[in-house]
Structures are given as C-alpha cells and as structure tokens.
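Have a look at the structure below before the remarks.
Derivation of every value follows stated rules applied to the coordinates shown; laboratory data play no part. Just so we're clear, the structure is a prediction, and the values are computed from it rather than from any experiment. Positions of Cβ are backbone-derived with ideal geometry, glycine not excepted, and every protein chain shown enters the neighbour counts.
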Amino acid sequence: MALITPSGTIAPAVYTKIKWQKYETCIPMSLSTAMDRFRAIKVGSDYENFSASYIFGNGGYEWGMYFLEGVQNCVSYGSPRWDLVSQIFEYGSDETNLTNSKYIYNNADSYARANAQKQRFSGYSRIDFYNGNAVANAIRNYGYFMFNFRISNNFYDVGSDGIVPEPEPYIPPASAMRTLSDGGSSSGYSGANHSIALIGLTTKNGKPHWIAQNSWGDWWGDNGYCYIPYDWGYYETSIDWALESYSVYNNSVTSFVPASPTNVVAQKNGELSALVTWNTSLTGAMYTVFASNISKNEWYIKGRTTANSINITFDAYASYKIRVLSSTDNIYSDYSNIFNVAMMNIIPWAWLYPKTSGQGFNITRAEWIAFCNKINEVRVAKGLGSYSFATSITYVDKDKPFYAWIFLQAATAIKDLNIGVANEVLGIKSGDNISAWYFENLKNALNNAI
C-alpha cells in the first residue's frame, strides 16, 4: 500500500495504567488496555481495569495468541473487571501464566461473565498501519488502535526519550530465507512479534509519530510510552515489519458509575467471622465484599448481598482488610474505604514475675525474650514485620544493666501497632528511674492490640 502521512496531532483522550507483561501476553495486554481506555474516556477516570488473564485464558497458547482471534474473542465475550476473577493486581494488570489464565476464564462465575459482556467490542476493522489517516481516525474516534508488528532488535533498547528507531535490515541466514524459521536472529528482526496500543499522534524531529502505550512497565521508554514514526519500517523492505493491525471499538460503554459504599466497618462476631456493614445511597444494588490478609494485596470475594450488611468468614487467624463494591446492572463502582479487622487467636501477655512498685526489676533474660516474641507475634498478625530486638547476652542477661534503649525497643515496637503507649514510657532515657507502671503500660498496650 502507498504510504499516507497522517495530518494534525491527537492528544491522548486519557491516560490509563501502564501494564507489565511477564508472559507471552502482549495481545491480551493491548486489548485489556483498550477496554480500560474505552471506560475511562466515558467516565473521566481509570478506576476500572479489566482482566488480561480472562482474555488470555480464552484462546491463548504457550507462545501467545493470534491477533485476530484475540480481537474476535473480545467481540464475543469481552472481559470483566480484574477483581471479579483474580486476586492479585500489580503493574497495571492481573496477568498470570497460561495455566492460571485458563483456570480464571473457565471458572469465572455468572457475575464476572455478565460484567465481561459490558466490555464486549461492538466491532473491529483491519487497517493498514501505513494508512496514516485511517489510523488517526480510529484513534480520534475511539482512543485506541491495535498496532501489531515484528520486533526489531533495536526496539528493546528504546531510551528514555521514547523515540523508536527505524528497524535495522533483516539479513537471515540462507537456511531461513524462505521460512524465517530461526527468527532472523542474525540481525534486524528479533524473531518475536508484539502488540501495542496507539493512543495519540505527535510530532518528533519534524515527523509525525504515533504515541504508543506499551506493556513493558513504566520503567521502559518514556515512562512506559514510546513514539513510533508513522513510516516505521516502510522503507526497510527486507521483511514486512508491520503486521495485521486493527481498529476496535465499543459503542455501548456507559458513563454511569454507581455510588461507592461508604463507612464500611467490620466487627469480629465469632472466632473466625465478622459482620461487615456499610452505608449506601443506592436502591436495588448488589454489593460484593472483598478481604485480603492485611500484609498482602490478594483480594478474595467473601460474599455478595443486596442488603447493607453481611457476615463473612475466614480460613485462618490473621488480621484482614475489607473493602466493598456496589453494582447496578452489572456495572461496578469504585472501591469503598478499607477497614481492618483482627481475627487472632493470641493469648494475652502476662508478666511471668510481678512488677511491683518499690521492688527490683525482677526481669529475667527468658522473660524479656518471651515478651519480645509476643510483641512480634502480634505485629505479624497485624500485618507488620517482626521487630529486630537486641536480645543477645551482650545486652540482655543476668547481672547486666537494663539499658534504656532496650526498653525503648519494646515501647517503639508496640507503638507501631497504634495502641496507647504512654508518652512518659516513650521518653525514657539513660539514667531515668523506670516505674512499675511503665511495664504495666507496655503490657496493657500490647494486649489492647490483640
């Protein structure tokens, strides 16, 4: 096809999260980015991100996906919000390997599949990358164009300016002249293909460049973006660098955003159960309650209800964080506030030997180490890391002075739990007298955290 130069510039309608692919998932990454962008353009916020794993699990292979198959599957099936099918979201995506992605797709429940239908593409059209005006029109109209191409070796080395260099000539060995079976590793072509989201048009060095949102993390290129010359690879005829590329669109994306639940509170009401309540202004909405161990970001659905409260159960003793989504007509809100609740089975601390006013410290090495261990037991259960106490015999042993800084380690470690350690206790310094109630304050503050 003849090269057509695009006219004008196109500022991206919105910026969404940069993804980071860890597997052969550039196609589901690009297509889920399209869904993110379609929704964000409508509502003015990228509060929703859609599942790359669901797309990958629906037609993926160990080596990746076919471009057209991925597009057509998104026309037929869409993809849901990541948190309806996955537990972990990092680097802009819920991406997992093929085995896990197939599990995610095959085991998605009716709520997830109903939400996925809302993201179904209305249609698509194949457009030649070198038809600059047609590509520009797709970006102007929909905010996205799926550019698929062969990766040149120098594409991996795009610098912080984000400008993509022209591919180097592809010179395959004689054995690969017809089949390209070795991927052309001798020069030019890397042997891999890629899919990337074109989201705008700008001018670099006096030439039109497409603004592209990649899926290699925000540390690649210009904070995750790059700028591709409109004629990239056109004049390097040793191989077809541009592959089949597509305009995709969704004409039924809604601007409606349900109101988020507010004032979410969780109260322990059983050994491993809690009552979660919230306020709502909606009528006839569905509420989905999520919980994660407080030290992680692995969110599991714990229940759904049309009421404004629900009893949920847990599998293990720990502290958890809770959040809630509302949904109407299978459209979901932004997250509620997060509320923490402790499901712990920790025996409260009691000093082994009484700390009595007017008497000696009466603290043995074994007792102090046991106290430090109890502090760390509570800290870990609360999602904090273990405190590094100094307990060697160099500092803590019979006939050793009881150092102020040793005492302050315990006070600080308990204070991290946001429980009431007295200011006098925190202000102790070398040479001060330590009263018996200081020890009682530490004990009571620790037990209040349990």
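I'd like to know which of I239, T9, V380 lies farthest towards the positive end of the charge dipole of the chain, counting +1 on Cβ of Lys and Arg and -1 on Cβ of Asp and Glu. Checking the options against the dipole of the chain, the answer is V380. Just report the Cα centroid separation between the stretch 348-409 and the stretch 255-304, whole Å. Centre-to-centre (Cα) distance: 38 Å.
Put in line by how crowded their Cβ is, counting other Cβ atoms within 10 Å and starting with the fewest, K355, K400 read K400, K355. Once backbone amide H atoms are built at 1.01 Å from N, R120 has S79 as its partners under 5 Å, excluding neighbours fewer than 5 places away on the same chain.
Annotation: amide H-H contacts under 5 Å for N337 (H modelled 1.01 Å from N, sequence separation of 5 or more, or interchain): N263, V264. Karplus-derived 3J(HN,Hα) values for the stretch 436-442, using 6.51 cos²θ - 1.76 cosθ + 1.60 with θ = phi - 60°, are 4, 5, 4, 5, 5, 4, 5 Hz; glycine and proline are entered as x. Coordinate range of the alpha-carbon atoms in the stretch 365-448 per principal axis, descending: 35, 26, 16 Å.
State which entries of K321/K382; K42/K118; K102/K296; K19/K204 exceed 21 angstrom in Cα-Cα distance in the structure shown.
Numbers: K321/K382 10 Å; K42/K118 13 Å; K102/K296 24 Å; K19/K204 24 Å.
Check vs 21 Å cut-off fails for K102/K296; K19/K204.
Going through [x] 4, 17, 21, 17, 14, 12, 9, 4, 1, 0; [y] 4, 20, 31, 27, 14, 3, 0; [z] 3, 13, 18, 20, 16, 11, 8, 5, 3, 1, 1, 0, 0, 0, the figure that equals P(r) over Cα pairs in 10 Å bins from 0, in percent as computed for the structure here is [x]. Between Y105, Y234, Y144, the GNM of the chain built on Cα springs shorter than 10 angstrom shows Y234 fluctuating the most. Coupling constants for the stretch 144-153 follow from the phi torsions by the Karplus curve (6.51 cos²θ - 1.76 cosθ + 1.60, θ = phi - 60°), and in residue order they are 6, 9, 8, 9, 10, 7, 7, 7, 7, 4 Hz; glycine and proline get x.
Return the calculated 222 nm mean residue ellipticity for the chain, to the nearest 500 deg cm²/dmol, obtained by summing -39500 (n - 2.57) across DSSP H runs with n ≥ 4 and dividing by the residue count. Write down the numbers at each step before the final one.
Values: 10 runs with 109 residues, N = 450.
Helix contribution divided over all residues of the chain: -7500 deg cm²/dmol.
GNM on the chain, alpha-carbon springs under 10 angstrom: the most fluctuating residue among Y235, Y249, Y227 is Y235. Annotation for the stretch 211-245 versus the stretch 86-149: alpha-carbon center distance of 19 Å.
So which trypsin sites (Lys or Arg not before Pro) in the stretch 379-430 are both in a DSSP loop and have at most 16 other Cβ atoms within 10 Å of their Cβ?
Values: sites: R379, K382, K398, K415, K429; in loops: K382, K398, K429.
The qualifying sites are K398, K429.
Rounded to the nearest 20, the Cβ-based charge dipole of the stretch 262-343 about its Cα centre (Lys and Arg +1, Asp and Glu -1) stands at 120 debye. Placing +1 on the Cβ of every Lys and Arg and -1 on the Cβ of every Asp and Glu, with no other charges, gives the stretch 26-249 a dipole of roughly 760 debye about its Cα centre.
Dipole check for the chain: with +1 at the C-beta of Lys and Arg, -1 at the C-beta of Asp and Glu, and the Cα centre as origin, the magnitude is about 1180 Debye.
For F145, the residues whose amide H sits under 5 Å from its own are L198, ignoring neighbours fewer than 5 places away on the same chain, with H placed 1.01 Å from N. To the nearest 10 degrees, how steep is helix 67-76 against the longest Cα principal axis of the chain, on a 0 to 90 scale? Between helix and principal axis, roughly 70 degrees.
Computed from phi, the 3J(HN,Hα) profile of the stretch 393-406 under the Karplus parametrisation 6.51, -1.76, 1.60 (θ = phi - 60°) reads 5, 4, 10, 10, 6, 4, 6, 7, x, 8, 6, 4, 5, 5 Hz, with x in place of Gly and Pro.
What does the charge add up to near R39, with Lys and Arg as +1, Asp and Glu as -1, over the other residues with Cβ less than 11 Å from its Cβ? Each step should come with its number before you reach the end.
Numbers: positive: R37, K42, R81, K118; negative: D36, D46, E48.
Net local charge, R39 excluded: +1.
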